[in-house]
Amino acid sequence: MHRFIYTGLPARVVFADGAVGELSREVDRLGARQVLVLTTPQQRGDGDALAAGLGAGVYAGATMHTPVGVTEDALKLVQSSGVDCLVALGGGSTIGLSKAIALRTDLPQIAIPTTYAGSEMTPILGETRDGRKTTQKSPKVLPEVVLYDVGLTMTLPAGLSGTSGINAIAHAVEAMYAEDCNPIIGSLAEQSIAALVRALPRIAADPGDREARSDAQYGAFLAGVCLGSVGMALHHKLCHTLGGMFDLPHSETHTIVLPHALAYNGPSVPRAIAAMARAVGEDDVPRALFELAGKVGAPRALRDLGMPESGIDQAADQAFANPYWNPRPLLRAPLRELIARAWAGEAPA
Ligand code: NAD
């Protein structure tokens with residue numbers, strides 16, 4: 001007998017090759033007149049081109065970890081130029097800035113994601129103040145409209161495409177065994193993993209493969225819905241801890257840790273593992289994800305990202321500082337072993 005709670009996220013999604021051509025219509029639908037395009041310094045050219053068509057302003061100062069200082073700087077421009085709609089063009093960093101402004105102003109947001117991180121589909125915001133990253137959930141930060149246009153992902157470098165795609169897989173994997181998982185999110189997660197596992201090796205072989213890019217973007221969209229809808233566990237908490245303690249890059253850290261975190265949790269979640277095995281087409285899912293990282297040329301060892309060996313014990317201790325729900329109880333020795341393997345780049349246990 002079915003028994004579950006499912007809360008849908010109220011977002012309008014336009015998914016099409018060329019979806020960005022719908023932008024001015026979407027701005028009109030929101031009744032907005034003065035748009036501000038947000039992006040990173042690296043994507044300034046694309047931001048300027050988008051803004052030119054709308055007579056919009058551009059703020060190209062988005063950066064990793066959503067520092068509050070950058071948000072306050074952008075807010076000055078929002079207030080001085082009467083902005084009534086935000087357009088975020090970029091990955092999780094740019095969408096994070098947009099969410100941080102929306103939290104403070106309640107302005108409507110149109111997100112145009114250019115990576116596979118999935119932030120555009122979540123009511124989650126991580127912000128950094130004085131070097132400390134805190135995360136909160138609020139319906140205020142969920143973008144009203146998301147335009148998925150494969151054309152804007154074609155320039156995502158091959159390496160980042162692989163790690164960003166595995167970051168998306170991680171959302172779907174942890175959704176499958178979430179404490180509050182439900183059959184709707186479970187089936188989206190399975191589809192998400194299947195699409196990404198199919199697409200990522202093709203993108204690594206040919207970054208110009210538009211079909212594969214579209215498949216990856218579809219998988220990333222579904223993974224974002226999963227991340228926004230149910231709670232995450234060991235994998236996400238560990239990546240958050242490691243990233244904060246040793247200043248490690250986001251998607252690479254997720255890529256390295258995922259096979260190990262899944263090997264740890266796997267014995268406690270046999271039904272979720274069976275669904276993941278259907279999606280990846282292999283019985284040993286942690287091993288398949290470890291091999292996928294190799295196929296897309298991703299780093300496999302935390303030490304190669306700059307984490308010191310002494311950090312293994314520090315991170316294992318930290319995991320017990322703020323306890324959280326996980327399908328398998330957190331045990332010091334196997335957890336340390338997990339981190340040690342990820343640090344050394346060994347195959348999952
Ligand atoms: P990112 O946004 O930091 O982008 C990485 C780099 O790639 C940037 O320099 C960016 O300009 C560039 N880039 C992005 N798309 C490009 C493209 N198509 N072509 C060329 N260059 C491109 O990376 P990310 O992995 O998308 O985001 C990571 C951040 O997002 C982290 O801070 C993470 O915590 C956050 N995040 C938040 C959520 C959430 O729900 N709140 C979800 C996932 C990630």
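Across the stretch 62-99, the qualifying residues are those that are in contact with a strand residue (DSSP E or B) (Cβ under 6 Å, 6 or more places away or on another chain) and over 14 Å from V37 (Cα atoms), and the one among them that is farthest from the ligand (Cβ to nearest atom) is V68. All conditions but one from (1) buried (at least 16 other Cβ atoms within 10 Å of the Cβ); (2) under 23 Å from V150 (Cα atoms); (3) touching a residue at least 24 places away in the same chain (Cβ under 8 Å) apply to V58; the one that does not is (3).
Filtering the stretch 150-170 for residues that are touching a strand residue (DSSP E or B) at 6+ places or on another chain (Cβ under 7 Å) and within 10 Å of the ligand (Cβ to nearest atom) leaves a non-empty set. Pairs under 8 Å by beta carbon, first residue free of Cβ contacts under 8 Å to residues at least 40 places away in the same chain in the stretch 69-83, partner in a helix (DSSP H, G or I) and basic (K, R), six or more apart or different chains? That search, which allows pairs on different chains as well, returns L75/R104. Looking across the stretch 67-90, the residues that are open to solvent by 10 Å² or more (accessible area, probe 1.4 Å) and outside any helix (DSSP H, G or I) come down to P67, S81, G82, V83, D84. Of the residues that sit in the stretch 151-170 and are β-branched (V, I, T) and open to solvent by less than 10 Å² (accessible area, probe 1.4 Å), which one is nearest to I110 (Cα to Cα)? The extreme case among them is T153. Of all the listed residues (D317, D283), the sole one being without any contact (Cβ under 8 Å) to a residue 24 or more places away in the chain, within 16 Å of T241 (Cβ to Cβ), open to solvent by 50 Å² or more (accessible area, probe 1.4 Å) and of a type in the set (D, E) is D317. Just one of the listed residues (T115, T134, T163, T128) is closer than 27 Å to L200 by Cα, not basic (K, R) and not assigned by TED's automatic domain parsing to the domain that holds P249, and it is T115.
The values are calculated or read from the model by the stated rules, or taken from the named source; none is laboratory data. Quick caveat, the model's predicted, so the values are computed rather than measured. For neighbour counting, all protein chains shown are included, and Cβ atoms are generated from backbone atoms with ideal geometry for every residue, glycine included. To get the accessible areas, we keep the full protein, side chains included, count just its heavy atoms, and leave off ligands, DNA and RNA. Shrake-Rupley method; radii C 1.70, N 1.55, O 1.52, S 1.80 Å.
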